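Visitor: Let me give you the structure first, and then I'll get to my questions.
Since every read-out is calculated from the coordinates, none of them should be taken as a lab result. No experiment lies behind these values; they were computed from the predicted model shown. Glycine also receives a Cβ, built like all others from the backbone with ideal geometry; neighbour counts cover every protein chain displayed.
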Amino acid sequence: MTIPLRIGFIPLVDAAALIVAVDKGFAAAEGLDVTLVREVSWSNVRDKLNIGLFDAAHLLAPVAIASSLGLGHVKVPIAAPFNLGLNGNAITVSPPLHAAIMGEISDDPFVPMATALALARVVAKRRKRGAEPLTFGMTFPFSTHNYQLRFWMAAGGVDPDEDVRLVVLPPPYMVDSLASGHVDAFCVGAPWNSIAVDLGVGHILHFVADILVRAVEKVLAVRQDWAEKNPEVLAALVRAAFRAAEFIEQPQNRAEAARILAQPERIGVNADVVQRTLDGHLKISPDGTMRESSRYLLVGREGAARPDPVQAAWLYAQMVRWGQASISPEALRTAQAVFRPDLYDAALGREGKLADPPGAIGAFAGPAFDANDIAGHLAAFAIGRR
Amino acid sequence: MGADQPPKIVIVDESPIRAAILEEGLREAGFTGVVHISEMQSLLARIYALDPDVILIDLENPSRDVLEQMFQVSRAVRRPIAMFVDQSDAASIQASVDAGVSAYIVDGLKKERIKPILDLCISRFNAFAKLQDELDRTKSALEDRKVIDRAKGILMKLKGLTEDEAYILLRSTAMREKKKIGEIAQSILTASEMLK
């Protein structure tokens, strides 16, 4: 007997494990008949998951936590038994802002502290001559993009709420907004950074892996009560996603994976752009400059798929830092409980685990993250809304 | 906003027809302060300029995420959204998501003042969806008609049939293969294209 499931996703490359699980037959092999539903907004994905129109979803990790905490919306506890991706975002800036930053930089431009300090100088000069504050686009209030942009610029002394404007933009509108000058920069996932570069309207300034070595991005999310009622179906879904992630991470399968993902009803972009993202081999400037990174987007390799509650704590700490959440031990516990390595292990056993898992986070600035002392950790950062 | 004044409503919808249907319904119900925004650039700035009490947005619109920003207290957000209307009860969440619309309340409007707006919105969205569906079906029936006519032409020419005989052949084949006449006709067109 096959189990029908409806799963929502946003057309982004980090939905790869989910899409390949369905289109390459890994889900069917686990007895699942999955209908993938392409959505246009994170609000829709969240709401349809919350009210049961979706059984599972490709979801921004911070949205899963915000939903469980009841921040900004209805409180619905979410369980995340599988990371669909680590890293994968990039910061892209307009050619004029790129030139301005490069004019102020005093170190290697791939060093985030160097660009953040240069940005601070650009911001100060603009203020002095009475120019409008710079505008940065990101995808959602509770998004990794929001926190990554804020973390980066604040490290250089730019207050993201006072010195610049941060605005939410749907990913498909990012490139147009950069081209038209509505925003000066954005932080978004693949393929949008590459598309901006290909069109000659943006330079990729940073891969998020420059800012955080290991940052959870999207998770496979289900309602907690659904997870409790359907443990076997959930385990089957986790296994299917794991097999798909394994498939994608084999270099010889990348071209096929990119073709699957590029289909019009899935991500609907050029397969070549998708493959550049999976390979971590990206064109970063309209002049054709390429940059390689072994950490651009991790879909399952290096133990990426196994949820790590420390990652959830880091995201919660960002919510506290920027005034979205108040600090409490209960809230921290709730946030960490969203990430479910126990469900991942129940589905995969030993196979899914690394003997020596790499450490979480690895931010370029501030002290090493301590999930047991969030207040102390945040006290080390000068800029914040606490 | 005074207690007797109708709330100011903004409709964010890229479909001009649906927005007009909704706007008309709201006006008939006495909600006179209705403005339609169809242009998504600088959406937040436009909304701030209008300073509405209620914002209605269709769920096909990616800019829904832009509105979520209004829940935040920040420099960019001048008047935070107090409530997502659907927070009030589960049935209305279901009904509005099914209808494809979402509502945000900017000011502390009372629930009983929101309810009629949302109900009207849901029924108008459903009516529009039905209309759209009928239109789509009419269109595809027209398409089928054209394909069947061309297939009949091919059968008449190749097998020397009359028009009625060609149609009967198509219909009986469709019945035997448990397919639509349009599908059989299409396969004839495809085959004749390949055999050219």
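Visitor: Given 10 °C and 1.306 mPa s, how large is the Stokes-Einstein diffusion coefficient of region A:1-115 in µm²/s, with Rh as the Kirkwood radius over Cα pairs?
Guide: 95 µm²/s
Visitor: Counting pairs of alpha carbon atoms under 8 Å apart in space and at least six apart in sequence, what relative contact order in percent does chain A give?
Guide: Once normalised by length, the contact order is 24 percent.
Visitor: On alpha-carbon atoms, Rg over Rh for the protein assembly as shown using Kirkwood Rh?
Guide: Value, to two decimals: 1.01.
Visitor: Can you tell me the orientation of helix A:231-249 relative to chain A, as the angle in degrees between its alpha-carbon axis and the longest Cα principal axis, to the nearest 10?
Guide: Result, in degrees: 50.
Visitor: Still on this structure, please answer the following. Sorted by mean Cβ packing within 10 Å, highest first, what order do the peptides B:157-165, A:308-316, A:195-203 take?
Guide: Those peptides, ordered most packed to least, come out A:308-316, A:195-203, B:157-165.
Visitor: Have a look at A:ASP108, A:ASP33, A:ASP356 and tell me which one the Gaussian network model of chain A (Cα, springs below 10 Å) gives the largest fluctuation.
Guide: Answer for the Gaussian network model of chain A: A:ASP356.
Visitor: Taking only Cα atoms and a 10 Å spring cutoff, compute GNM fluctuations for chain A and point out the largest among A:ALA325, A:ALA131, A:ALA262.
Guide: A:ALA131
Visitor: Now for a different question. Counting only C-alpha contacts under 8 Å and six or more residues apart, can you give the relative contact order of region B:137-195 as a whole percent?
Guide: 40 percent
Visitor: Using a 10 Å cut-off on Cβ to Cβ distances, tally the other chain neighbours for every residue of A:152-163 and report the average as a whole number.
Guide: Counting other chains' Cβ atoms within 10 Å and averaging over A:152-163 gives 1.
Visitor: For region A:109-216, state which trypsin sites (Lys or Arg not before Pro) are in a DSSP loop and have at most 12 other beta carbons lying within 10 Å of their beta carbon.
Guide: The qualifying sites are A:ARG129.
Visitor: To test your reading of the geometry: what angle, between 0 and 90 degrees and rounded to tens, separates the Cα axis of helix A:329-338 from the longest principal axis of chain A?
Guide: Long axis of A:329-338 versus the principal axis of chain A: about 60 degrees.
Visitor: Pairs of alpha-carbon atoms within less than 8 angstrom and 6+ residues apart define the contacts here; what relative contact order does chain B have, in percent?
Guide: Averaging sequence separation for qualifying contacts and normalising by length gives 16 percent for chain B.
Visitor: Hey, which of these cross-link pairs are over 24 Å Cα-Cα: A:LYS218/B:LYS130; A:LYS48/B:LYS130; A:LYS229/B:LYS115?
Guide: Those over the limit are A:LYS218/B:LYS130; A:LYS229/B:LYS115.
Visitor: Give me the inter-chain shielding for A:318-325: mean count of other chain Cβ atoms within 10 Å, whole number please.
Guide: For this peptide, the per-residue mean of nearby foreign Cβ atoms is 1.
Visitor: Using the alpha-carbon atoms, what tilt in degrees (0 to 90, nearest 10) does helix B:163-176 show relative to the longest principal axis of chain B?
Guide: Rounded to the nearest ten degrees, it is 70.
Visitor: Within 10 Å of each Cβ in A:168-176, how many Cβ atoms from other chains are there, averaged over the peptide?
Guide: Counting Cβ atoms of other protein chains within 10 Å of each residue's Cβ and averaging gives 4.
Visitor: Here's another thing I want to ask about it. At most 16 other Cβ atoms within 10 Å plus a DSSP loop assignment makes a site exposed; report the longest stretch of chain A without any exposed GluC sites (Glu not before Pro).
Guide: A:1-161
Visitor: Could you put B:TYR167, B:TYR48 in order, starting from the residue whose Cβ has the fewest other Cβ atoms within 10 Å?
Guide: Arranged by neighbour count, lowest to highest, B:TYR167, B:TYR48 become B:TYR48, B:TYR167.
Visitor: Same structure, new question: Using Cα springs under 10 Å in a Gaussian network model of chain A, which residue among A:VAL238, A:VAL213, A:VAL188 shows the largest mean-square fluctuation?
Guide: Highest fluctuation of the listed residues: A:VAL213.
Visitor: For the protein assembly as shown, what does the helix formula give at 222 nm: sum of -39500 (n - 2.57) over DSSP H segments with n ≥ 4, over the residue count, nearest 500 deg cm²/dmol?
Guide: -15000 deg cm²/dmol
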